[in-house]
1. Are there any pairs, at least 6 apart or on different chains, whose C-beta atoms fall under 8 Å, with the first in region 42-54 and under 8 Å from Tyr18 (Cα atoms) and in contact (Cβ under 8 Å) with a residue 12 or more places away in the chain and the second of a type in the set (Phe, Trp, Tyr) and assigned to a helix (DSSP H, G or I), and if so, which?
2. Restricting attention to region 20-54, which residues are in a helix (DSSP H, G or I), over 13 Å from the mean Cα position of the chain (by Cα) and under 16 Å from Lys10 (Cα atoms)?
3. Return the residues of region 1-38 that are surrounded by 11 or more Cβ atoms within 10 Å (Cβ to Cβ), under 17 Å from Leu53 (Cα atoms) and in contact (Cβ under 8 Å) with a residue 12 or more places away in the chain; say none if nothing qualifies.
4. Being touching a Phe, Trp or Tyr at 6+ places or on another chain (Cβ under 8 Å) and of a type outside the set (Val, Ile, Thr): is that true of Ala43 here?
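Values quoted throughout were computed directly from the atomic coordinates according to the rules given, and no laboratory measurement underlies them. Not measured: the values here are computed from a predicted model. Methodologically, a virtual Cβ is constructed for each residue, glycine included, from the backbone with ideal geometry; neighbour enumeration extends over all protein chains shown.
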Amino acid sequence: MFNFFKKKSKKEILQKKYAKLLEEAHKLSHTNRKASDDKQAEAEAVLQELEALP
């Protein structure tokens, strides 16, 4: 009921950021391939950080 008081973990924050970056990369892939590749690289960096968490 009061989940909005619960603090998100680092893992949850990174997962949400990763999903958002992948979505942006997909949208950009239709118009600007270079920007899409940059977003994909950012998402990959977030994924590496996510996998490094215990």
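1. Every condition considered, the pairs that remain are Ala43/Tyr18; Val46/Tyr18; Leu47/Tyr18.
2. Selection gives Ala52 alone.
3. Scanning region 1-38 gives Lys11, Leu14, Gln15, Lys17, Tyr18.
4. On the way: touching a Phe, Trp or Tyr at 6+ places or on another chain (Cβ under 8 Å): yes; of a type outside the set (Val, Ile, Thr): yes.
Against the criterion (touching a Phe, Trp or Tyr at 6+ places or on another chain (Cβ under 8 Å) and of a type outside the set (Val, Ile, Thr)), Ala43 qualifies.
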